[in-house]
Amino acid sequence: MKAVVFEEHGGAKALQYKDVAEPKVGPNDVLIKVRAASCNYNDIWARRGLPGMKVIMPHISGSDAAGEVVEVGSEVSDFNPQDEVMVYPGLSCRTCEFCANGRDTFCRQYKIWGFQTGPLDGAHAEFVRLPAFNVIPKPKGLGWEEAASLPLVLLTAWRMLVGRARIQAGDFVLVWGAAGGLGTIAVQICRTVGAQAIAVASSDEKLEFCRKLGAEHLINRKTQDIAEEVRKITNRRGVDIVFEHVGNATWPQSVASLKWGGTLVTCGATSGFEAVTDLRFLWNKQMNFLGSHMGNKTDLLEAMRWVESGQVKPVVSQVFPLRETGQAQTLMESGEVMGKFVLVPD
Ligand code: NDP
């Protein structure tokens, strides 16, 4: 089969579109013919290499896929060939105390499929093999590309806001990177629960895109002061929740924008891992700093109900042939993405 593979860390040129062996199903696995996969920033982290994380080479990235079942293992009874499916990209041991009570992300073996796994096992290929546990039916109303754009960002944004920060109607939520993959879902979750999203982005074009998704307030981070705008919007109170994934570059402004007793929830650090906190703000304003990582299968299934009812929509901005994964990643690195980029095998 054709796949996008890298054998050493580097820039987009490290990606090779080449022939590799098709995956073989084990007794509990499902083999899927990929009709669409999506791009995530994690693909770029894996390709560049991350301190403290060993990427197994040769590596096929990709943590989201939608496609047709072509084969099932001898122990699989929930799926049949030709079923239309999508994936839950969290892999864990399924036996430890955390997996047993549905807290998969606390499992010491928890891994993001296509990011921390390998070799040759991610979604940027013509076929993928996954345990049946990691396969869910694709809603009939969703196209392949729409379905493939969802799992990782939907799951992560859902857990950050609903599971961790306990978002409520009336909350003000500062959403960094609001036009990006996570951000576009976060804005829609806010709108659905009756919270007010304050979208932050780097251009007016991106902000207009966020407004159409339901953001009530818009801040251009290139031309406006974030904390000052937040004070105006919230009548000096500060936001209830900050939706963080940028890290070093935005952390001080995130802390300055929080209300007394507010909650900052983070899952990433696109701009750098070292964030400086003036601890006086943490204790005096009695803030809550929460980490969040992916989510469990139930989170994804619950979030998918909101997709099926039309409250949260997939946001696919561009579709690339699989062989052009490098171009898609280069555009992502330059910050030009609105919503999700999707890859389609030739
Ligand atoms: P995208 O590339 O789709 O969006 C990232 C957004 O961040 C951009 O739209 C950009 O918005 C904004 N941004 C980038 N640099 C800066 C900066 N210096 N200051 C302010 N804003 C900035 O990425 P994703 O939404 O898919 O992922 C975001 C991060 O979350 C990544 O680091 C990813 O690895 C992490 N992540 C973590 C997960 C987990 O479970 N732990 C799961 C999913 C993602 P603009 O320039 O318009 O302001």
Check your understanding: Out of Asn296, Asn220, Asn284, any idea which swings most in a Gaussian network model of the chain, alpha carbons joined below 10 Å?
Key -> Asn284
Point to revise | Residue-span extension gain [Trp45 to Glu68] - 0.36 nm each, minus C-alpha spacing | key: 5.4 nm
Check your understanding: Tell me, what ³J(HN,Hα) does each residue in the stretch 208-221 have, in order and in whole Hz, if you take phi through Karplus 6.51 cos²θ - 1.76 cosθ + 1.60 with θ = phi - 60° and put x for Gly and Pro?
Key -> 5, 4, 5, 4, 5, 7, x, 5, 8, 9, 10, 10, 8, 5
Point to revise | Dipole magnitude of the chain, debye to nearest 20 (Cβ charges: Lys/Arg +1, Asp/Glu -1, about Cα centre) | key: 940
Revision key, fill the gap. HN-Hα couplings for the stretch 161-175 via Karplus (6.51, -1.76, 1.60; θ = phi - 60°), in whole Hz with x for Gly/Pro, come out as 8, 7, x, 9, 7, 6, 4, 9, 4, x, 5, 8, 10, 7, 10
Exercise for review: Provide the gained length on full extension for the span Lys232 to Glu333, in nm with one decimal, where the gain is 0.36 nm per separating residue minus the Cα-Cα distance.
Suggested key: 33.2 nm
Exercise for review: Report in % the part of the accessible area of the stretch 23-122 that belongs to carbon and sulfur, leaving out ligands and nucleic acids; probe 1.4 Å.
Suggested key: 47
Review point. To the nearest 10 square angstrom, how much accessible area does Glu228 have with a 1.4 angstrom probe?
Key: 90
Review point. If you take the C-alpha gyration tensor of the stretch 175-244, multiply each eigenvalue by 5 and take the square root, what semi-axes do you get, largest first, in whole Å?
Key: 17, 15, 10
Study note, to complete from the structure: Karplus-derived 3J(HN,Hα) from phi for the stretch 269-279 (6.51 cos²θ - 1.76 cosθ + 1.60, θ = phi - 60°), whole Hz, x at Gly and Pro, runs 7, 3, 9, x, 7, 8, 10, 9, 10, 7, 4
Review point. For q = 0.16, 0.22 Å⁻¹, what log10 I(q)/I(0) does the stretch 36-134 give under the Debye formula with an equal point scatterer on each alpha carbon and no solvent?
Key: -0.74, -1.20
Review point. Taking the Cβ-Cβ separation of Glu208 and Arg108 as r and a Förster radius of 41 Å, what is the calculated FRET efficiency to the nearest 0.05?
Key: 0.40
Practice item. Give me the percent of the accessible area of the stretch 139-254 that comes from carbon and sulfur atoms, probe 1.4 Å, all protein chains in place. Key: 44
Review point. Using a basic spin-label model with each label point 7 Å from the Cα along Cα→Cβ, how many nm lie between Lys222 and Gln168?
Key: 3.8
Point to revise | At most 16 other Cβ within 10 Å, DSSP loop - trypsin sites (Lys or Arg not before Pro), the stretch 69-136 | key: Arg94, Arg103, Arg108
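Would the stretch 109-254 count as rounded, prolate or oblate if I go by the C-alpha gyration tensor, calling it rounded below 1.5 in a/c and otherwise prolate when a/b exceeds b/c, oblate otherwise?
prolate
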Review point. How are the Cα pair distances of the stretch 94-149 distributed, in percent, across 5 Å bins from 0?
Key: 4, 15, 19, 22, 19, 14, 7, 1
Revision key, fill the gap. Residues meeting the amide H criterion for Asp171 (H placed from the backbone, H to H distance under 5 Å, 5 or more places apart or on another chain) are Gln196
**Study point:** Residues of the chain: accessible area per residue with a 1.4 Å probe, Å²
**Key:** 44
Point to revise | Sites Leu290 and Ile56 - FRET efficiency at Förster radius 25 Å, r taken between beta-carbons, to 0.05 | key: 0.25
Point to revise | Under-5 Å amide H pairs with Val135, H placed in peptide plane, nonlocal only | key: Tyr88
Practice item. Quick one: which residues, 5+ away or cross-chain, put their amide H under 5 Å from the amide H of Phe127? H built at 1.01 Å from N. Key: Val34
Check your understanding: Summing -39500 (n - 2.57) over the DSSP H runs of n ≥ 4 in the chain and dividing by its residue number, what mean residue ellipticity at 222 nm do you reach, to the nearest 500 deg cm²/dmol?
Key -> -7000 deg cm²/dmol
Review point. For the chain, what size does the Cα cloud have along each of its three principal axes, sorted from largest down, in whole Å?
Key: 60, 42, 38
Practice item. Based on a Kirkwood Rh over C-alpha pairs, give the Stokes-Einstein translational diffusion coefficient of the stretch 1-68 at 10 °C and viscosity 1.306 mPa s in µm²/s. Key: 120
Revision key, fill the gap. The chain, Gaussian network, Cα under 10 Å: of Val239, Val25, Val87, the residue fluctuating most is Val25
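The values are calculated or read from the model by the stated rules, or taken from the named source; none is laboratory data. The model shown is predicted, which means the values in this text are computed figures rather than measured ones. Here Cβ is always computed from backbone atoms with ideal geometry, including for glycine, and neighbour counts include all displayed protein chains. Just so you know, the surface numbers come from the protein's heavy atoms only, side chains and all, with ligands and any DNA or RNA stripped out. Shrake-Rupley method; radii C 1.70, N 1.55, O 1.52, S 1.80 Å.
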